[in-house]
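The values are calculated or read from the model by the stated rules, or taken from the named source; none is laboratory data. Keep in mind the model is a prediction, meaning the values are calculated, not measured. Note: ideal-geometry Cβ built from the backbone for every residue, glycine included; neighbour counts use all protein chains shown. Heavy atoms of the whole protein, side chains included, go into the accessibility calculation; ligands, DNA and RNA do not. Shrake-Rupley method; radii C 1.70, N 1.55, O 1.52, S 1.80 Å.
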Amino acid sequence: MSAVTSPLVWEHVQPAAARRLLTGAIDAFAERGFQATTTRDIASRAGMSPAALYVHYPSKERLLFEISRYGHQAALDVLRSADTDSTPADRLRSLVSAFTAWHAQHHTIARVVQYELAALTPEHLGEVAAIRRAISAQLEEVLHAGVADGSFAVDDLPGTTLAVLSLSIDVARWYTPHRGDPETLGKLYADLAHRMVQA
């Protein structure tokens, strides 16, 4: 299993009860959405009482923030780790392949972090938005390099960056394991993204 599709590690969440609540919240939010999920739903999945949740997290929103911050940072780390090639074309293909595969392999948490942003407080949304800007900047720099050396034809760098990232992110909305291997899907999306920007 590659670093791109390795399981997310939650050992940094301590104690174990807090970790169980967090992973239970991921499943609940992905299945029912943030608004429809109750603290009882989350606690039940963790094998705990609803009151126990507040021992570890001040609110349901705080759980969402912890999940969103960690998930976005993990996605950014995947992009940065994949950016090791020399030419803009190879860099773009590597980034899109890795980003797509990550959203397929981790579709449950990705669905939460990408589609429940509106439930975050302004302060927490600001922290997550900073990571999202770093994700966009990572890809936009590659597109800019391709334009500079003549290998890409891109008139609108921010718009194209958003379009390419959206391809990968949307995988989390519909992906299930029977839809194919994450790595294979990543390669397909890398091909599509490259065709979008070729000069």
Heavy-atom accessible surface of the chain: percent carbon and sulfur, 1.4 Å: 53
If each K or R counts +1 and each D or E counts -1, the residues other than ALA129 whose Cβ falls under 12 Å of its Cβ total +1
How big is D, in µm² s⁻¹, for the stretch 1-149 by Stokes-Einstein at 20 °C and 1.002 mPa s if Rh is the Kirkwood radius over C-alpha pairs? 131
Over the chain, give the accessible area per residue in Å² for a 1.4 Å probe, as an integer. 47
Given R₀ = 25 Å, what would the calculated FRET efficiency be for ALA130 paired with GLN14, taking r from the Cβ atoms and rounding to 0.05? 0.50
With Rg from the Cα atoms and Rh as the Kirkwood inverse mean 1/r over Cα pairs, the stretch 77-143 has an Rg/Rh of 1.03
Show TYR189, TYR175 ordered by accessible area, largest first, where the area counts protein heavy atoms only and the probe is 1.4 Å. TYR189, TYR175
Label-point separation, THR84 to ASP149 (7 Å along Cα→Cβ), nm: 1.8
With the 8 Å Cα cutoff and a minimum separation of six or more residues, the chain has a relative contact order in percent of 26
Which helices count as membrane-span-like in the chain under these terms: full DSSP H, at least 20 Å along the axis by C-alpha, Kyte-Doolittle mean of 0.0 or more? 16-32, 122-148
So what does ASP85 come to for accessible area, using a 1.4 Å probe and Å² rounded to 10? 60
When the helices in the chain are scored as -39500 (n - 2.57) per DSSP H run of 4 or longer and the sum is shared across all residues, what 222 nm value do you end up with, to the nearest 500 deg cm²/dmol? -23000 deg cm²/dmol
Any chance you could run the full-extension gain for ALA199 through SER49? It's 0.36 nm times the residue separation minus the Cα-Cα distance, nm to one decimal. 48.1 nm
If the chain between ASP77 and LEU162 were fully stretched, how many nm would it gain, using 0.36 nm times the residue separation less the Cα-Cα distance? 28.8 nm
Would you mind calculating the gained length between TRP174 and LEU192 on full extension (0.36 nm times residue separation, minus the Cα-Cα distance), in nm to one decimal? 4.7 nm
Given N residues in the stretch 95-199, what is its alpha carbon radius of gyration divided by 2.2 N^0.38 Å? 1.13
